[in-house]
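Here is the structure we will look at.
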Amino acid sequence: MDNKKVYVISGPTAVGKSAVAIQLAKKIDGEIVNCDSVQLYKYMDIGSAKPSEAELNEVPHHLFSIVNPDYKMTVATYQKLAFAIIDNILERGKTPIVVGGTGLYLNSIIYEMDFAGDSKDSERRKELEEMAEKMGNKYMHDYLSGIDPETASKIHPNNIRKVVRAIEAYEAGDGIKSLDTCPMNDRYDFEFYALTMEREWLYDRINRRVISLVKAGLIEEVRKLLAMGYTVELPSMKAIGYKEIAAYLAGETDKLEAVKLLMRNTRRYAKRQITWLKRYDDVKWIEIQKGDTIGDVVDRMLEG
RNA sequence: GCCCAGAUAGCUCAGUUGGUAGAGCAAGGGACUGAAAAUCCCUGUGUCCUUGGUUCAAUUCCGAGUCUGGGCA
(Lines give C-alpha, C1' and ligand atoms only; values in the text may rest on other atoms or scores of the structure.)
Protein backbone atom coordinates (compact mmCIF):
# COMPACT_ATOMS: atom_id res chain seq x y z
CA MET A 1 0.00 0.00 0.00
CA ASP A 2 1.37 3.37 -0.82
CA ASN A 3 -0.83 5.40 1.47
CA LYS A 4 -0.25 4.45 5.07
CA LYS A 5 -1.86 7.42 6.72
CA VAL A 6 -3.75 6.62 9.91
CA TYR A 7 -5.58 9.27 11.88
CA VAL A 8 -5.76 8.92 15.62
CA ILE A 9 -8.25 11.00 17.58
CA SER A 10 -8.05 10.83 21.34
CA GLY A 11 -8.92 13.05 24.27
CA PRO A 12 -10.80 12.85 27.52
CA THR A 13 -14.23 11.37 27.75
CA ALA A 14 -17.11 13.66 26.71
CA VAL A 15 -14.90 16.00 24.74
CA GLY A 16 -16.71 15.04 21.55
CA LYS A 17 -14.36 12.60 19.83
CA SER A 18 -17.04 10.51 18.14
CA ALA A 19 -18.77 13.39 16.41
CA VAL A 20 -15.50 14.87 15.19
CA ALA A 21 -14.39 11.49 13.90
CA ILE A 22 -17.57 10.97 11.92
CA GLN A 23 -17.28 14.38 10.36
CA LEU A 24 -13.64 13.75 9.48
CA ALA A 25 -14.50 10.33 8.05
CA LYS A 26 -17.07 11.88 5.73
CA LYS A 27 -14.62 14.45 4.54
CA ILE A 28 -11.68 12.18 3.78
CA ASP A 29 -13.50 8.93 3.01
CA GLY A 30 -12.38 7.40 6.25
CA GLU A 31 -13.51 4.53 8.42
CA ILE A 32 -13.62 4.61 12.18
CA VAL A 33 -11.76 2.12 14.35
CA ASN A 34 -12.74 2.03 17.99
CA CYS A 35 -10.03 2.43 20.62
CA ASP A 36 -12.22 2.43 23.67
CA SER A 37 -12.03 -0.57 25.94
CA VAL A 38 -15.68 -0.49 26.99
CA GLN A 39 -17.25 0.15 23.62
CA LEU A 40 -15.83 -3.18 22.50
CA TYR A 41 -18.53 -4.91 24.52
CA LYS A 42 -21.97 -5.79 23.33
CA TYR A 43 -24.98 -4.64 25.36
CA MET A 44 -22.98 -1.84 26.95
CA ASP A 45 -24.28 0.94 24.77
CA ILE A 46 -25.64 3.71 26.95
CA GLY A 47 -23.07 3.61 29.74
CA SER A 48 -20.13 3.55 27.35
CA ALA A 49 -21.65 6.40 25.32
CA LYS A 50 -21.33 4.53 22.06
CA PRO A 51 -22.27 6.39 18.92
CA SER A 52 -25.98 6.11 18.18
CA GLU A 53 -27.40 3.68 15.66
CA ALA A 54 -27.80 6.55 13.22
CA GLU A 55 -24.21 7.68 13.68
CA LEU A 56 -22.88 4.16 13.27
CA ASN A 57 -24.62 4.03 9.91
CA GLU A 58 -23.29 7.35 8.66
CA VAL A 59 -19.79 6.04 8.05
CA PRO A 60 -18.25 2.58 8.58
CA HIS A 61 -17.45 1.84 12.24
CA HIS A 62 -15.27 -1.05 13.34
CA LEU A 63 -14.58 -2.82 16.64
CA PHE A 64 -17.74 -1.67 18.34
CA SER A 65 -19.85 -4.28 20.17
CA ILE A 66 -17.70 -7.20 19.13
CA VAL A 67 -17.49 -9.32 22.29
CA ASN A 68 -19.74 -10.35 25.14
CA PRO A 69 -19.21 -8.64 28.49
CA ASP A 70 -17.66 -11.76 30.00
CA TYR A 71 -15.00 -12.05 27.29
CA LYS A 72 -11.50 -11.74 28.75
CA MET A 73 -10.27 -8.85 26.69
CA THR A 74 -6.59 -7.93 26.72
CA VAL A 75 -4.43 -5.31 25.03
CA ALA A 76 -2.81 -8.08 23.03
CA THR A 77 -6.12 -9.15 21.57
CA TYR A 78 -7.14 -5.59 20.91
CA GLN A 79 -3.88 -4.91 19.12
CA LYS A 80 -4.34 -7.91 16.86
CA LEU A 81 -7.89 -6.89 15.98
CA ALA A 82 -6.95 -3.28 15.42
CA PHE A 83 -4.03 -4.03 13.11
CA ALA A 84 -6.16 -6.44 11.10
CA ILE A 85 -8.89 -3.89 10.51
CA ILE A 86 -6.49 -1.00 9.90
CA ASP A 87 -4.66 -3.00 7.23
CA ASN A 88 -7.95 -4.05 5.72
CA ILE A 89 -9.13 -0.45 5.48
CA LEU A 90 -5.86 0.68 3.91
CA GLU A 91 -5.97 -2.14 1.39
CA ARG A 92 -9.36 -0.95 0.27
CA GLY A 93 -7.90 2.50 -0.28
CA LYS A 94 -9.68 4.17 2.61
CA THR A 95 -8.25 6.00 5.59
CA PRO A 96 -8.47 4.50 9.08
CA ILE A 97 -9.44 6.84 11.90
CA VAL A 98 -8.63 5.36 15.28
CA VAL A 99 -10.86 6.94 17.91
CA GLY A 100 -10.86 6.43 21.62
CA GLY A 101 -9.53 7.30 25.02
CA THR A 102 -8.04 4.05 26.25
CA GLY A 103 -4.39 5.01 26.59
CA LEU A 104 -2.87 1.57 26.81
CA TYR A 105 -4.74 0.44 23.72
CA LEU A 106 -3.58 3.55 21.91
CA ASN A 107 -0.02 2.63 22.82
CA SER A 108 -0.42 -0.82 21.37
CA ILE A 109 -1.09 0.77 18.00
CA ILE A 110 1.27 3.72 18.07
CA TYR A 111 4.26 1.93 19.56
CA GLU A 112 6.03 -1.24 18.68
CA MET A 113 4.64 -3.25 21.55
CA ASP A 114 5.37 -6.93 21.35
CA PHE A 115 2.68 -9.21 22.70
CA ALA A 116 3.98 -12.25 20.89
CA GLY A 117 4.22 -14.50 23.93
CA ASP A 118 1.26 -16.64 24.91
CA SER A 119 -1.28 -15.19 27.15
CA LYS A 120 -0.85 -16.87 30.49
CA ASP A 121 -3.31 -19.20 32.08
CA SER A 122 -5.07 -17.44 34.89
CA GLU A 123 -4.23 -20.17 37.42
CA ARG A 124 -0.92 -18.68 38.43
CA ARG A 125 -2.42 -15.23 38.67
CA LYS A 126 -5.10 -16.46 40.98
CA GLU A 127 -2.45 -18.14 43.11
CA LEU A 128 -0.42 -14.94 43.31
CA GLU A 129 -3.51 -12.95 44.20
CA GLU A 130 -4.29 -15.31 47.03
CA MET A 131 -0.72 -15.09 48.20
CA ALA A 132 -0.99 -11.30 48.19
CA GLU A 133 -4.17 -11.51 50.21
CA LYS A 134 -2.45 -13.64 52.83
CA MET A 135 1.04 -12.19 52.94
CA GLY A 136 0.41 -8.57 52.14
CA ASN A 137 1.56 -6.09 49.54
CA LYS A 138 5.02 -5.59 50.94
CA TYR A 139 5.80 -9.27 50.89
CA MET A 140 4.81 -9.54 47.23
CA HIS A 141 6.83 -6.50 46.29
CA ASP A 142 9.87 -7.84 48.13
CA TYR A 143 9.45 -11.09 46.28
CA LEU A 144 9.40 -9.23 42.97
CA SER A 145 12.49 -7.28 44.01
CA GLY A 146 14.23 -10.60 44.51
CA ILE A 147 13.58 -11.85 41.01
CA ASP A 148 13.27 -8.65 38.96
CA PRO A 149 14.65 -5.69 40.91
CA GLU A 150 14.49 -3.27 38.01
CA THR A 151 10.80 -3.74 37.40
CA ALA A 152 10.11 -3.79 41.13
CA SER A 153 11.76 -0.41 41.54
CA LYS A 154 9.24 1.08 39.14
CA ILE A 155 6.12 -0.28 40.78
CA HIS A 156 4.73 1.04 44.04
CA PRO A 157 4.24 -1.80 46.55
CA ASN A 158 0.60 -0.89 47.01
CA ASN A 159 -0.10 -1.34 43.34
CA ILE A 160 -0.59 -5.01 43.94
CA ARG A 161 -2.21 -5.61 40.59
CA LYS A 162 0.91 -4.51 38.76
CA VAL A 163 3.16 -6.35 41.18
CA VAL A 164 1.28 -9.58 40.52
CA ARG A 165 1.36 -9.03 36.80
CA ALA A 166 5.12 -8.36 36.92
CA ILE A 167 5.77 -11.60 38.78
CA GLU A 168 3.59 -13.45 36.34
CA ALA A 169 5.38 -11.89 33.38
CA TYR A 170 8.79 -12.62 34.84
CA GLU A 171 7.95 -16.26 35.46
CA ALA A 172 6.67 -16.56 31.91
CA GLY A 173 10.04 -15.37 30.71
CA ASP A 174 8.95 -12.08 29.18
CA GLY A 175 9.17 -9.60 31.97
CA ILE A 176 7.57 -6.22 31.59
CA LYS A 177 9.04 -3.73 29.21
CA SER A 178 8.75 -0.05 29.69
CA LEU A 179 7.52 2.43 27.14
CA ASP A 180 10.80 4.31 26.86
CA THR A 181 12.48 1.25 25.41
CA CYS A 182 9.77 1.04 22.82
CA PRO A 183 10.13 2.51 19.32
CA MET A 184 7.29 4.07 17.41
CA ASN A 185 5.36 1.82 15.11
CA ASP A 186 6.55 2.92 11.67
CA ARG A 187 4.24 0.70 9.66
CA TYR A 188 1.85 3.63 9.45
CA ASP A 189 2.05 7.39 9.13
CA PHE A 190 0.16 8.62 12.13
CA GLU A 191 -1.72 11.87 12.36
CA PHE A 192 -2.20 11.94 16.09
CA TYR A 193 -4.66 14.43 17.58
CA ALA A 194 -5.85 14.98 21.11
CA LEU A 195 -8.96 17.06 21.65
CA THR A 196 -9.27 19.15 24.80
CA MET A 197 -11.25 21.99 26.20
CA GLU A 198 -11.15 24.14 29.27
CA ARG A 199 -11.39 21.91 32.33
CA GLU A 200 -14.40 23.60 33.84
CA TRP A 201 -16.33 23.31 30.61
CA LEU A 202 -15.38 19.68 30.17
CA TYR A 203 -16.56 18.87 33.68
CA ASP A 204 -19.82 20.61 33.00
CA ARG A 205 -20.28 18.52 29.87
CA ILE A 206 -19.49 15.37 31.83
CA ASN A 207 -22.07 16.18 34.50
CA ARG A 208 -24.69 16.85 31.88
CA ARG A 209 -23.83 13.73 29.97
CA VAL A 210 -24.22 11.57 33.04
CA ILE A 211 -27.71 12.95 33.52
CA SER A 212 -28.58 12.31 29.91
CA LEU A 213 -27.24 8.75 30.07
CA VAL A 214 -29.43 8.05 33.07
CA LYS A 215 -32.40 9.55 31.28
CA ALA A 216 -31.61 7.47 28.23
CA GLY A 217 -32.01 4.29 30.27
CA LEU A 218 -28.65 3.48 31.82
CA ILE A 219 -30.25 1.93 34.88
CA GLU A 220 -32.35 -0.36 32.72
CA GLU A 221 -29.27 -1.31 30.70
CA VAL A 222 -27.36 -2.31 33.83
CA ARG A 223 -30.35 -4.21 35.17
CA LYS A 224 -30.49 -6.16 31.93
CA LEU A 225 -26.79 -6.98 31.99
CA LEU A 226 -27.09 -8.26 35.54
CA ALA A 227 -30.13 -10.31 34.56
CA MET A 228 -28.10 -11.83 31.75
CA GLY A 229 -25.65 -13.06 34.35
CA TYR A 230 -22.93 -10.48 33.83
CA THR A 231 -21.95 -9.80 37.41
CA VAL A 232 -20.03 -6.94 38.97
CA GLU A 233 -16.92 -9.11 39.25
CA LEU A 234 -16.34 -8.91 35.51
CA PRO A 235 -13.82 -6.31 34.36
CA SER A 236 -16.38 -4.96 31.92
CA MET A 237 -18.88 -4.38 34.70
CA LYS A 238 -16.26 -2.44 36.68
CA ALA A 239 -16.38 0.26 34.03
CA ILE A 240 -17.57 3.69 35.07
CA GLY A 241 -21.32 3.88 34.92
CA TYR A 242 -21.80 0.17 35.39
CA LYS A 243 -20.22 -0.26 38.80
CA GLU A 244 -22.02 2.73 40.30
CA ILE A 245 -25.43 1.75 38.97
CA ALA A 246 -24.90 -1.88 39.95
CA ALA A 247 -24.18 -0.71 43.49
CA TYR A 248 -27.41 1.25 43.46
CA LEU A 249 -29.37 -1.74 42.18
CA ALA A 250 -27.83 -3.86 44.92
CA GLY A 251 -29.14 -1.36 47.44
CA GLU A 252 -25.70 -0.18 48.51
CA THR A 253 -26.36 3.44 47.60
CA ASP A 254 -29.38 5.51 46.77
CA LYS A 255 -29.96 6.81 43.30
CA LEU A 256 -28.73 10.34 43.90
CA GLU A 257 -25.56 9.08 45.50
CA ALA A 258 -24.93 6.72 42.58
CA VAL A 259 -25.34 9.52 40.06
CA LYS A 260 -23.01 11.80 42.00
CA LEU A 261 -20.37 9.09 42.22
CA LEU A 262 -20.78 8.42 38.54
CA MET A 263 -20.13 12.08 37.79
CA ARG A 264 -17.12 12.25 40.05
CA ASN A 265 -15.59 9.06 38.72
CA THR A 266 -16.07 10.22 35.16
CA ARG A 267 -14.40 13.54 35.98
CA ARG A 268 -11.46 11.76 37.55
CA TYR A 269 -11.20 9.46 34.60
CA ALA A 270 -11.07 12.40 32.22
CA LYS A 271 -8.26 13.86 34.30
CA ARG A 272 -6.29 10.61 34.11
CA GLN A 273 -6.80 10.49 30.37
CA ILE A 274 -5.39 13.98 30.01
CA THR A 275 -2.38 13.01 32.13
CA TRP A 276 -1.82 10.00 29.92
CA LEU A 277 -2.00 12.00 26.71
CA LYS A 278 0.52 14.55 27.98
CA ARG A 279 3.24 11.95 27.75
CA TYR A 280 3.19 11.83 23.96
CA ASP A 281 5.48 14.37 22.29
CA ASP A 282 4.12 13.81 18.82
CA VAL A 283 0.49 14.49 19.63
CA LYS A 284 -1.17 17.58 18.21
CA TRP A 285 -3.45 19.17 20.73
CA ILE A 286 -6.63 20.77 19.56
CA GLU A 287 -8.33 22.97 22.09
CA ILE A 288 -12.01 23.22 21.37
CA GLN A 289 -13.40 26.69 22.03
CA LYS A 290 -16.93 27.53 22.93
CA GLY A 291 -18.80 28.26 19.75
CA ASP A 292 -16.66 25.97 17.59
CA THR A 293 -18.66 23.74 15.29
CA ILE A 294 -17.58 20.20 14.64
CA GLY A 295 -16.65 21.33 11.16
CA ASP A 296 -14.31 23.98 12.60
CA VAL A 297 -12.50 21.34 14.60
CA VAL A 298 -12.16 19.03 11.61
CA ASP A 299 -10.85 21.90 9.50
CA ARG A 300 -8.22 22.70 12.08
CA MET A 301 -7.11 19.07 12.02
CA LEU A 302 -6.81 19.01 8.26
CA GLU A 303 -4.89 22.28 8.18
CA GLY A 304 -2.67 20.97 10.85
C1' G B 1 -38.41 46.02 66.34
C1' C B 2 -36.14 42.87 70.30
C1' C B 3 -33.35 38.38 71.82
C1' C B 4 -30.06 34.29 70.59
C1' A B 5 -26.61 31.74 67.40
C1' G B 6 -23.33 31.75 63.34
C1' A B 7 -19.67 34.08 59.74
C1' U B 8 -12.59 30.20 58.91
C1' A B 9 -10.41 26.33 52.09
C1' G B 10 -14.76 25.44 46.29
C1' C B 11 -18.54 22.89 50.12
C1' U B 12 -19.66 21.08 55.33
C1' C B 13 -17.33 22.26 59.54
C1' A B 14 -13.27 21.78 63.55
C1' G B 15 -9.61 24.88 65.96
C1' U B 16 -6.33 28.55 67.89
C1' U B 17 -6.11 28.98 77.07
C1' G B 18 -3.96 35.58 71.98
C1' G B 19 1.92 33.95 68.45
C1' U B 20 -1.84 34.36 60.87
C1' A B 21 -4.79 27.52 60.88
C1' G B 22 -6.83 21.62 59.74
C1' A B 23 -10.31 17.45 58.79
C1' G B 24 -13.80 15.12 55.43
C1' C B 25 -15.64 15.79 50.68
C1' A B 26 -14.74 18.33 46.11
C1' A B 27 -10.13 19.61 43.56
C1' G B 28 -4.91 19.65 41.56
C1' G B 29 -0.40 16.87 39.97
C1' G B 30 1.72 12.19 38.55
C1' A B 31 2.72 6.79 37.20
C1' C B 32 1.32 3.19 33.64
C1' U B 33 3.50 -3.04 28.27
C1' G B 34 -1.44 -8.79 28.44
C1' A B 35 -7.90 -6.45 33.95
C1' A B 36 -6.52 -0.01 31.64
C1' A B 37 -13.49 3.37 32.13
C1' A B 38 -8.63 -0.89 35.70
C1' U B 39 -4.82 -0.19 39.40
C1' C B 40 -1.65 2.92 42.21
C1' C B 41 1.28 7.34 44.25
C1' C B 42 1.82 12.57 45.79
C1' U B 43 -0.37 17.62 47.16
C1' G B 44 -2.95 21.56 49.98
C1' U B 45 -6.00 25.20 48.45
C1' G B 46 -7.09 30.84 53.03
C1' U B 47 -8.01 39.36 53.45
C1' C B 48 -10.01 33.17 59.45
C1' C B 49 -16.98 38.90 57.29
C1' U B 50 -15.82 44.52 57.90
C1' U B 51 -14.19 48.08 61.23
C1' G B 52 -12.55 50.39 65.80
C1' G B 53 -10.41 49.13 70.76
C1' U B 54 -7.16 46.43 74.32
C1' U B 55 -2.19 44.13 73.47
C1' C B 56 4.63 43.55 71.87
C1' A B 57 1.10 40.57 68.94
C1' A B 58 -6.04 39.77 67.40
C1' U B 59 -8.69 35.09 63.10
C1' U B 60 -9.06 34.30 68.61
C1' C B 61 -10.85 38.99 73.78
C1' C B 62 -14.24 43.64 73.85
C1' G B 63 -17.48 47.32 71.08
C1' A B 64 -19.96 48.72 66.56
C1' G B 65 -21.55 47.43 61.70
C1' U B 66 -23.06 43.96 57.67
C1' C B 67 -25.04 39.40 56.23
C1' U B 68 -27.32 34.48 57.28
C1' G B 69 -30.22 31.25 60.35
C1' G B 70 -33.63 30.55 64.61
C1' G B 71 -36.90 32.48 68.38
C1' C B 72 -40.18 36.41 70.48
C1' A B 73 -43.35 40.11 69.13
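The values are calculated or read from the model by the stated rules, or taken from the named source; none is laboratory data. What you are looking at is a predicted structure, and each value in this text was computed from that prediction instead of being measured. As a convention, Cβ positions derive from the backbone with ideal geometry for all residues, glycine included, and neighbour counts pool all protein chains shown.
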Which condition number in (1) at pLDDT 95 or above; (2) within 17 Å of residue A:165 (Cβ to Cβ) is the one that residue A:99 fails?
(2)
By residue number, the members of segment A:273-283 that are surrounded by fewer than 14 Cβ atoms within 10 Å (Cβ to Cβ) and outside any loop (DSSP other than H, G, I, E, B) are A:275
Just the residues that are within 16 Å of RNA strand B (Cβ to nearest atom), within 16 Å of residue A:45 (Cα to Cα) and touching a Pro at 6+ places or on another chain (Cβ under 9 Å), please, taken from segment A:216-234.
A:225, A:230
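Quick grid of which residues meet (1) surrounded by fewer than 21 Cβ atoms within 10 Å (Cβ to Cβ); (2) within 15 Å of RNA strand B (Cβ to nearest atom); (3) in contact (Cβ under 8 Å) with a residue 12 or more places away in the chain; (4) under 20 Å from the mean Cα position of the chain (by Cα):
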{"position": "A:47", "(1), (2), (3), (4)": "no, yes, yes, yes"}
{"position": "A:53", "(1), (2), (3), (4)": "yes, no, no, no"}
{"position": "A:65", "(1), (2), (3), (4)": "yes, yes, yes, yes"}
{"position": "A:70", "(1), (2), (3), (4)": "yes, yes, yes, yes"}
{"position": "A:75", "(1), (2), (3), (4)": "yes, yes, yes, yes"}
{"position": "A:84", "(1), (2), (3), (4)": "yes, no, no, yes"}
{"position": "A:90", "(1), (2), (3), (4)": "yes, no, yes, no"}
{"position": "A:93", "(1), (2), (3), (4)": "yes, no, yes, no"}
Go through (1) surrounded by fewer than 23 Cβ atoms within 10 Å (Cβ to Cβ); (2) under 27 Å from residue A:271 (Cα atoms) for residue A:12 and report which single condition fails.
(1)
Is there any pair linking a residue in segment A:254-265 that is within 11 Å of RNA strand B (Cβ to nearest atom) to one that is part of a helix (DSSP H, G or I), with Cβ under 7 Å and at least six apart or on different chains, and which?
A:261/A:244; A:262/A:210; A:262/A:244; A:263/A:206; A:263/A:207; A:263/A:210; A:265/A:244
What number of residues within segment A:6-45 are touching a residue at least 60 places away in the same chain (Cβ under 8 Å), part of a helix (DSSP H, G or I) and away from RNA strand B (no atom under 15 Å from the Cβ)?
6
Taking segment A:105-164 only, how many residues are among the aliphatic types (A, V, I, L, M), more than 23 Å from residue A:35 (Cα to Cα) and within 11 Å of RNA strand B (Cβ to nearest atom)?
6
How many of the residues making up segment A:266-290 are more than 6 Å from RNA strand B (Cβ to nearest atom) and in contact (Cβ under 8 Å) with a residue 60 or more places away in the chain?
15
Quick check: anything in segment A:173-182 in contact (Cβ under 8 Å) with a residue 12 or more places away in the chain and within 30 Å of residue A:302 (Cβ to Cβ)?
yes
